[in-house]
Amino acid sequence: MTLLLAPLPEKGIGLPHDASLHGWRIDALINETSVYVGLLFVIMVAWVVLACLRHGPRHEARFDHGTSTRSIAVGLCIAGAIFFVVDGPLFVNSLILARDVFGNFAKVEADPKSVRIEITAHQWAWVARYAGPDGKFNTPDDIVTFNDVVVPEGTPILFQLVSTDVIHSFNIPNMRAKIDAVPGMVNRVWFEAKETGEFDIACAQHCGLNHYKMKATLTVLPRPDWEKWAAEASANSARDYDPDDREAHWGWDWSEHARI
Ligand code: CUA
């Protein structure tokens, strides 16, 4: 097993390296948006340049109030073209992705391979809890880690998140996964890593003085190595379990009512 000592630095410009199975779907939407924005920018600049060249100081200005039938028709046509060519398809494609992939929790929950992790966010750290061999949270065999999330490769990873103080945002750019942790509710997100390595977990909501320090590491291991890690970590937790340490028992029953 070769592990990198630190997350890989990003090279050049553009989106962070995509190490997730479905990240390309999000990248495609972002790239499509960038192409349209770039295209509209070029058209607008060309239009302004043309206007400057044609309408010099000797040109007599003409204007209307935009209330003529022609002005209204032109305005509606441009707005309609942008809506039906750019915004509409982006909106519909996003809804389809949310339904079939990123929001399809029923399918991921039903997969016996998937790994469930509870995350508690607080100023300024991420604490993770795995159910352990019994599959139940808040029991002595739970694995609890601090700013350190270890997951297997090629496996759907399901997170449920809470916050104990303010709003934080659990952000793993390399997995194209991001969800707010909000006091009073359980949110959820999932991804599947397609390669091993170490990646950054950052907080993406300004959450106080040390917001910038609120980062953790995601380590993706080959499944057999992860199984070994989990078995050892669970055995250690069970050995160190202290039933009187109420503070340590912050886990919750895996919620059926978690929200996106
Ligand atoms: Cu937590 Cu920013």
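Just so it is clear, none of the values below were taken in a lab; they were calculated from the coordinates. All values reported here derive from a predicted model rather than from experimental measurement. When we count neighbours, we look across all protein chains shown, and the Cβ atoms used for this are built from the backbone with ideal geometry, even at glycine.
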For every other residue with a beta carbon closer than 12 angstrom to the beta carbon of residue 131, add +1 if it is Lys or Arg and -1 if Asp or Glu, then tell me the sum. -2
Pull up the cross-link candidates among the lysines for residue 11, meaning alpha carbon to alpha carbon under 27 Å and not fewer than 8 places away within one chain. 178, 194, 213, 215
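So for segment 1-133, considering every pair of alpha-carbon atoms, how many percent are separated by more than 18 Å?
On the way: 6848 of 8778 pairs.
Here the tail beyond 18 Å accounts for 78 percent of pairs.
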Quick check: residue separation of residue 139 and residue 59 times 0.36 nm, minus the Cα distance between them. What number comes out in nm? 20.7 nm
Cut-off 10 angstrom, C-alpha nodes, Gaussian network model of the chain. Which of 93, 147, 171 fluctuates the most? 93
Counting residues in the chain as N, plug N into 2.2 N^0.38 Å and put the Cα Rg over that result. 1.36
Work through the residues other than residue 32 whose Cβ is under 12 Å from its Cβ and net out their charges, Lys, Arg +1 and Asp, Glu -1. -1
Classify segment 98-235 as rounded, prolate or oblate from the Cα gyration tensor: take a ≥ b ≥ c as the square roots of its eigenvalues, call it rounded if a/c is under 1.5, otherwise prolate when a/b beats b/c and oblate if not. rounded
Taking only Cα atoms and a 10 Å spring cutoff, compute GNM fluctuations for the chain and point out the largest among 165, 244, 100. 244
For segment 158-231, what number results from the quotient of the Cα radius of gyration and 2.2 N^0.38 Å? 1.20
Against the longest alpha carbon principal axis of the chain, how many degrees, from 0 to 90 and to the nearest 10, is the axis of helix 88-97 turned? 10
Choose one answer from 80, 197, 66: the residue with the largest mean-square fluctuation in a GNM of the chain with alpha-carbon springs under 10 Å. 66
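By its C-alpha gyration tensor, with a ≥ b ≥ c as the square roots of the eigenvalues, how is segment 42-120 shaped: rounded for a/c under 1.5, else prolate for a/b larger than b/c, else oblate?
Prolate is the answer for segment 42-120, as a/c is 1.5 or above and a/b outweighs b/c.
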Distance in nm between residue 84 and residue 232 label points, each 7 Å along Cα→Cβ, equals 6.2
By how many degrees, 0 to 90 and rounded to 10, does the Cα axis of helix 23-54 deviate from the longest principal axis of the chain? 20
For residue 93, project a label point 7 Å along Cα to C-beta. Then give me every residue of segment 22-49 with its amide nitrogen under 17 Å of that point. 22-40
